[in-house]
Amino acid sequence: MTDLVLSLDVTDRTSALSIAAACAEEVDAIKVGYPLVLGTGLGIARDLADLGLPLIADFKVADIPNTNMLICDQVFEAGFSAVIAQAFPGPDSIAACVESAHAHGGECYVVAEMSHPGALTFFSEGVPEAICRLVVENGADGIIAPATRPARIKVLRNLIGEKKILSPGVGAQGGDPAEVAPLVDGMIVGRAIYGAVDPAAAARAYAPYRR
Ligand code: 3DU
């Protein structure tokens, strides 16, 4: 039904590599963000690449176009296969991320709506819908949409057509995999897997929802 993306938000190299190796058969991609890269360095991408899984850089890139391009070039040269960008800096900033991603044979996902309660302060009143239109116009590969609000995923799906949806918020944030899996292309799960006593078993529990 969907890919399972492990959000590897630990901060030390030993834990990251052992959890990733233990879960490698149970997940379809690994998402790495600031916690792990700031804790270990960007070279962690090369270490994880040995597992042969796609690596998604969750840096929520959000700067002027030139800086976005410089950031994304570093991300892809480090071995990542996809990057996540914020939309609020505008279409030219998103375009820079898309251009860098595609020049490296990678993908760019844009945050359309976040999953936590406070997200509704700014991701409201048609903003996510406008972001979806930008994503279509800019040729980005997909959006990030909240597993905590499946009804919103359905609305946004109608605006992006065949583009992909990656969805964080399953598990620790309360999103229900049974409800979310049929709606998205990738379900992102962090604490419910890496925080478990047996991360591989916790990842395996999502097997019924994987395609
Ligand atoms: O709540 P979890 O532990 O399953 O982790 C979710 C991950 O997805 C985490 O890295 C967080 O920074 C990221 N994320 C969201 O949770 C919500 C968003 O809207 C975007 C990214």
Name, by its number, the condition in (1) at pLDDT 95 or above; (2) of a type outside the set (Asp, Glu); (3) out of contact with any His (no Cβ under 9 Å at 6 or more places or on another chain) that does not hold for VAL75. (3)
Considering only residues that are more than 23 Å from GLU107 (Cα to Cα) and more than 12 Å from the ligand (Cβ to nearest atom), look in region 170-198 and name the one that is most open to solvent (accessible area, probe 1.4 Å). VAL197
Would you mention how many residues in region 29-41 are crowded, with 17+ Cβ neighbours inside 10 Å and assigned to a loop (DSSP other than H, G, I, E, B)? 0
When restricted to LEU48, LEU4, the only residue surrounded by 19 or more Cβ atoms within 10 Å (Cβ to Cβ) and assigned to a strand (DSSP E or B) is LEU4
Across region 17-35, the tally of residues that are within 13 Å of the ligand (Cβ to nearest atom) and either within 14 Å of ILE193 (Cβ to Cβ) or touching a strand residue (DSSP E or B) at 6+ places or on another chain (Cβ under 9 Å) (or both) stands at 8
Within region 132-169, take every residue that is under 17 Å from ALA101 (Cβ atoms) and in a helix (DSSP H, G or I) and give me the one that is most open to solvent (accessible area, probe 1.4 Å). GLU137
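The values are calculated or read from the model by the stated rules, or taken from the named source; none is laboratory data. Owing to the predicted nature of the structure, the values given are computational and were not obtained by experimental measurement. Ideal geometry is used to build each Cβ from the backbone, glycine not excepted, and the neighbour counts take in all protein chains shown. For the accessible areas, the whole protein counts, side chains as well, though only heavy atoms, and no ligand, DNA or RNA atoms are used. Shrake-Rupley method; radii C 1.70, N 1.55, O 1.52, S 1.80 Å.
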